[in-house]
Amino acid sequence: MANPLWSHTAITTPSRGAPQRVTVDITRYVNKIHNESGWLLVGMDNVPRENWPQLFKYCKVTLITTKNNKTYFKVPEGVHKGKVAFLSETNAKEHLGKIAPKQKPIELVMNYEHLDQNWKSITRNEYLPQQIANGNINNINFKATMNTVWNGIHFPIPPGTYKILLPDFPHSKNYTQQYKKEFPNLSHHQVWFPIDHGDRSRYVHVGNVSEGCITVISLDKWSEIQEMLISHRSSDGKSVGNLIVKGKPERAN
């Protein structure tokens, strides 16, 4: 039986003794990931399992071959660009598909609001000094903290426009899993989007504590927000869209 993953691919057939040139459809995308983390673990030959890559949703892959019950593919984007990885045939059929990200950049707009010196974190059971901002992405409104740690090192990102890059790797669940106590349906919480500013240590992510990041405190909105981000691509092939920061923080440092 033919592998459904390779369906709709063309076959070279002779015509009066001469081969015909055909286009073979070998592009697929990660269409199903694990909702808890937001990532898909893929294998690599001769690499220890603990060092196997993890791919984000809608990551593009180029099919190479299927052998020994494994489907091999090349990863053409993200931090694992150029690597050859594999999934079992069963997992490849389940997780890879033809649903592609939208080939246009998304806009995430943040408007600075007030400084809340005693913002109550229900999950952490403590009061935190938060520089609050209103966020909007494709008509999804939410709240975020732009900085929590005021130590002279971390500060709110200055107003301006920045690229939001593709997720780099699954960030430790120790940072975010705790928020499931407050919002049990929280998902994809290990997906963090780097912001192209400075040393790229700022991210768009979910949580209650910001070290100069766009930290989404509207826990119930995170799944929608990350799906909106991950399902878009800019023409540069490295980012999902733009972060537009407006206004001025009440506390800048």
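How many residues does segment 102-147 contain that are more than 29 Å from residue 232 (Cα to Cα) and surrounded by 14 or more Cβ atoms within 10 Å (Cβ to Cβ)? Explain how you work it out, then say what you get.
Taking segment 102-147 as the starting set, the residues that turn out to be more than 29 Å from residue 232 (Cα to Cα) are 114-130.
After this cut, where a residue has to be surrounded by 14 or more Cβ atoms within 10 Å (Cβ to Cβ) as well, the list is 115-116, 119, 121, 123-124, 128-130.
Selection size over segment 102-147: 9.
Yes/no per residue for (1) touching a Leu at 6+ places or on another chain (Cβ under 9 Å); (2) closer than 16 Å to residue 162 by Cβ; (3) without any contact (Cβ under 8 Å) to a residue 24 or more places away in the chain:
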{"site": "183", "(1), (2), (3)": "yes, no, no"}
{"site": "188", "(1), (2), (3)": "no, no, no"}
{"site": "197", "(1), (2), (3)": "yes, yes, no"}
{"site": "200", "(1), (2), (3)": "yes, yes, no"}
{"site": "206", "(1), (2), (3)": "yes, no, no"}
{"site": "212", "(1), (2), (3)": "no, yes, no"}
{"site": "229", "(1), (2), (3)": "yes, yes, no"}
{"site": "233", "(1), (2), (3)": "yes, no, no"}
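Collect the residues in segment 116-166 that are under 14 Å from residue 213 (Cα atoms) and in contact with a helix residue (DSSP H, G or I) (Cβ under 9 Å, 6 or more places away or on another chain), keeping them in residue-number order.
135, 143, 164 - these are the residues of segment 116-166 that are under 14 Å from residue 213 (Cα atoms) and in contact with a helix residue (DSSP H, G or I) (Cβ under 9 Å, 6 or more places away or on another chain).
Consider residue 90 carefully, then state whether it is without any contact (Cβ under 8 Å) to a residue 60 or more places away in the chain, surrounded by 15 or more Cβ atoms within 10 Å (Cβ to Cβ) and among the β-branched types (Val, Ile, Thr).
Values: without any contact (Cβ under 8 Å) to a residue 60 or more places away in the chain: yes; surrounded by 15 or more Cβ atoms within 10 Å (Cβ to Cβ): no; among the β-branched types (Val, Ile, Thr): yes.
Answer is no for this residue.
Please go through segment 188-239 and pick out each residue that is of a type in the set (Ser, Thr, Tyr) and outside any strand (DSSP E or B). Lay out the reasoning, then the answer.
Looking only at segment 188-239, we keep the residues that are of a type in the set (Ser, Thr, Tyr), and these are 201, 203, 210, 215, 218, 223, 231, 234-235, 239.
Residues satisfying the conditions are 201, 210, 218, 223, 231, 234, 235.
Just name the residue that is surrounded by the fewest Cβ atoms within 10 Å (Cβ to Cβ) out of those in segment 34-52 that are charged (D, E, K, R) and at pLDDT 95 or above.
So the residue we want is 50.
Quick test for you: out of 187, 239, 235, 210, pick the one residue that is of a type in the set (S, T, N, Q), in contact with a strand residue (DSSP E or B) (Cβ under 8 Å, 6 or more places away or on another chain) and over 17 Å from residue 138 (Cβ atoms). Lay out the reasoning, then the answer.
Values: 187 fails: in contact with a strand residue (DSSP E or B) (Cβ under 8 Å, 6 or more places away or on another chain); 239 fails: over 17 Å from residue 138 (Cβ atoms); 235 fails: in contact with a strand residue (DSSP E or B) (Cβ under 8 Å, 6 or more places away or on another chain).
Every option except 210 fails the conditions.
Quick grid of which residues meet (1) among the polar types (S, T, N, Q); (2) more than 23 Å from residue 120 (Cα to Cα); (3) touching a Pro at 6+ places or on another chain (Cβ under 9 Å); (4) at pLDDT below 95:
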residue: 158; (1), (2), (3), (4): no, yes, yes, no
residue: 185; (1), (2), (3), (4): yes, no, no, no
residue: 211; (1), (2), (3), (4): no, no, no, no
residue: 216; (1), (2), (3), (4): no, no, no, no
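The values are calculated or read from the model by the stated rules, or taken from the named source; none is laboratory data. Owing to the predicted nature of the structure, the values given are computational and were not obtained by experimental measurement. Every residue, glycine among them, receives a Cβ derived from its backbone with ideal geometry; neighbour counts consider all protein chains shown.
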